[in-house]
1. So, how do all the Cα-to-Cα distances of the stretch 33-88 break down into 5 Å bins, in percent, from 0 on up?
2. Using unit Cβ charges (K, R positive; D, E negative) and no other charged atoms, how large, in debye to the nearest 20, is the dipole of the chain about its Cα centre?
3. Which whole-number percent is the relative contact order of the chain (Cα, under 8 Å, 6+ apart)?
4. Take peptides 30-43, 13-26 and line them up by average Cβ neighbours within 10 Å, highest first, as a rough protection proxy.
5. Based on the mean of other beta carbon atoms within 10 Å per residue, what is the order of 86-92, 116-122, most packed first?
6. When you count, for each residue, the other Cβ atoms within 10 Å and take the mean per peptide, how do 72-81, 124-133 rank with the highest first?
7. In the stretch 16-155, what is the count of Lys pairs whose alpha carbons are under 15 Å apart, counting only pairs at least 8 residues apart or on separate chains?
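Throughout, read-outs are computed from the coordinates displayed, never taken from laboratory work. Remember, predicted model here, so these are calculated numbers, not experimental data. Cβ: placed from backbone, ideal geometry, glycine included. Neighbour counts: every protein chain shown.
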Amino acid sequence: MEFKKIIKTIFFTEILKGMALTFKSMLSPAVTRQYPEEKHPAMPGFRGLHALVVDPATGKEKCIACGLCAAICPSQCIYIYSTEGPDNKKFAERYEIELTRCIYCAFCVEACPVGAIVLTEHYEYTDYSREALYMTKEKLMANWNKYMAGPKGEEYFKKFWHPTADDYRAYDGQPMFRKREG
Ligand code: SF4
Ligand code: SF4
């Protein structure tokens, strides 16, 4: 046995080192947060409650009911019921997310070609009923207006979620990724 190893074994240096560390951490201030009295400071980019982006120009959802988010969702918890409007454009008559099955992977955000869905920073939405955690289109749009409207949403969306509609490059006339006018 090496001399160093013998000394360590005789004097229990590893154990003493461990005890010193424990003692040191006992004297340092506690890091436990007394939630909900003490809130966590803002967590930029946190993947929280979903929201459907509302177009400020029209007050309607940006979603074009393409279904890509639902197709990529690994939990299969997005339900879209699309229909055709009077202008012959497709739109989501119902857009629903079952939050109790969502794993907050944000694939839906990344798959959306027009930047119509986001995960907001809001994380305090626990409830006792499944119904409260079942997001309808109206609830999702209200989430946007409540937590992300204005410059906050724009900045947050562009800073943390890619690709956005601006990141796509498409040949002229390609219908799916063409940027919407207005
Ligand atoms: S965050 Fe992931 S699991 Fe949740 S709805 Fe979006 S794609 Fe589905
Ligand atoms: S991918 Fe975007 S535009 Fe397409 S259905 Fe989902 S939210 Fe709507």
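1. In order of increasing distance, the bins hold 4, 12, 14, 19, 15, 11, 11, 8, 3, 2, 1 percent.
2. So the magnitude is around 720 debye.
3. 23 percent
4. Ranking the peptides 30-43, 13-26 by packing returns 13-26, 30-43.
5. Sorting 86-92, 116-122 by mean packing, highest first, produces 116-122, 86-92.
6. Result, highest mean first: 72-81, 124-133.
7. Going through the stretch 16-155 pair by pair, I get 10.
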